[in-house]
Structures are given as structure tokens and as C-alpha cells.
Amino acid sequence: MKKNDRYLYPAVFTYAPGEEIAVVFPDLDVATSGTDDNDAFLSARELLGCALFGLEEDGEPIPTPSRLEDIALGEHDRAVLVDVYMPSVRMERVNRSINRTVTLPAWLNAAAMERNINFSLVLQNALKQQLNIQP
């Protein structure tokens, strides 16, 4: 399946007095919110990237976006096109850090902490060396 670099999907921004702006992607059945227009838009873009990345990773079909004019709106709703640049999303997911638990003898842990050793950096370097990966 060919992966697109950019997607555009309609989102419905709902403005209820005294509440955060609710954002729903009708084609993807996902939702988020924001404290103001900018926050809501950035949250929507991030959610769109996460949702589409998940579909790509699972080999699921990417739904065809609805036309903006076909979106049903309520009195306090506004339809907005939200875009996402997927190469950035994909790279972020590939390079994200994950936590691993390691077990060390207490004396080794104490000696390393006394010298302010960065455990994550040491482990990363050791794994690269063990796997013959050039930094």
C-alpha cells in the first residue's frame, strides 16, 4: 500500500460557551479538544497524524476524506480542513524513546551514580556497538 505524504481531512470544531473547543474527525471517528482556536487546531493536527499513522501501521485502509461541504453542522459547529505531513509523523514515531527496565548489581549502580554516568547514553552506545551500528 502506497503511503501518502500529506492528508487533508475535515474536522468539526464545536464552540460551546464556557467549554473547550471540541474537535471531531467524522471520517475517522476520533476526537480531541483545545482551549482556543490555535490549541484546538494543533491538537487536531496531532490527532490526525496519530490516527492515520496507526491505520498505516496496522495495514488498514485509509478512509477517503469527506468533502467539506458535505459535513453536517450544528448551530455552534464550524467545518475546518486539517492537514498533516506524514513523513514528519512517521519519523517522530520511529525515533521516539521508550523506557526499558534494567537490572544492575547495587555496587555498579552506586559507582556509576557517583560519577554521574548517563545510564541511557551508556546503554545506547553499548547496544550500537553490540549490533555493529555506526552512529
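Residue by residue, here is whether (1) in contact with a strand residue (DSSP E or B) (Cβ under 7 Å, 6 or more places away or on another chain); (2) of a type outside the set (Ser, Thr, Tyr); (3) over 30 Å from residue 124 (Cβ atoms) holds:
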{"residue": "17", "(1), (2), (3)": "no, yes, yes"}
{"residue": "26", "(1), (2), (3)": "yes, yes, yes"}
{"residue": "35", "(1), (2), (3)": "no, no, yes"}
{"residue": "48", "(1), (2), (3)": "yes, yes, yes"}
{"residue": "52", "(1), (2), (3)": "yes, yes, no"}
{"residue": "65", "(1), (2), (3)": "yes, yes, yes"}
{"residue": "68", "(1), (2), (3)": "yes, yes, yes"}
{"residue": "73", "(1), (2), (3)": "yes, yes, yes"}
{"residue": "88", "(1), (2), (3)": "no, no, no"}
Can you find, within the stretch 52-82, the residue that is farthest from residue 93 (Cα to Cα) among those that are acidic (Asp, Glu) and open to solvent by 100 Å² or more (accessible area, probe 1.4 Å)?
75
Consider the stretch 1-26. How many of its residues are surrounded by fewer than 16 Cβ atoms within 10 Å (Cβ to Cβ) and touching a Phe, Trp or Tyr at 6+ places or on another chain (Cβ under 8 Å)?
2
Failed condition for residue 49, given (1) open to solvent by 90 Å² or more (accessible area, probe 1.4 Å); (2) closer than 18 Å to residue 3 by Cβ:
(1)
Within the stretch 1-38, track down each residue that is within 14 Å of residue 80 (Cα to Cα), charged (D, E, K, R) and either in contact with a His (Cβ under 8 Å, 6 or more places away or on another chain) or not in a loop (DSSP other than H, G, I, E, B) (or both).
37
Starting from the stretch 13-28, take each residue that is of a type in the set (Asp, Glu) and list its partners that are surrounded by 14 or more Cβ atoms within 10 Å (Cβ to Cβ), counting only C-beta distances under 7 angstrom and pairs at least six apart or across chains.
20/33; 20/34; 27/9; 27/63; 27/65; 27/66
For the stretch 68-135, which fully contained helices (runs of 4 or more DSSP H) count at least 2 residues that are under 30 Å from residue 29 (Cα atoms) and not small (Gly, Ala, Ser)?
86-94
Failed condition for residue 41, given (1) surrounded by 17 or more Cβ atoms within 10 Å (Cβ to Cβ); (2) in contact with a helix residue (DSSP H, G or I) (Cβ under 9 Å, 6 or more places away or on another chain):
(2)
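The values are calculated or read from the model by the stated rules, or taken from the named source; none is laboratory data. Bear in mind the structure is a predicted one, so any value in this text is a computation, not a measurement. Quick reminder, even Gly has a Cβ in these numbers, built from the backbone with ideal geometry, and neighbours come from all protein chains shown. These area figures cover heavy atoms from the full protein model, side chains too; ligands, DNA and RNA do not enter into them. Shrake-Rupley method; radii C 1.70, N 1.55, O 1.52, S 1.80 Å.
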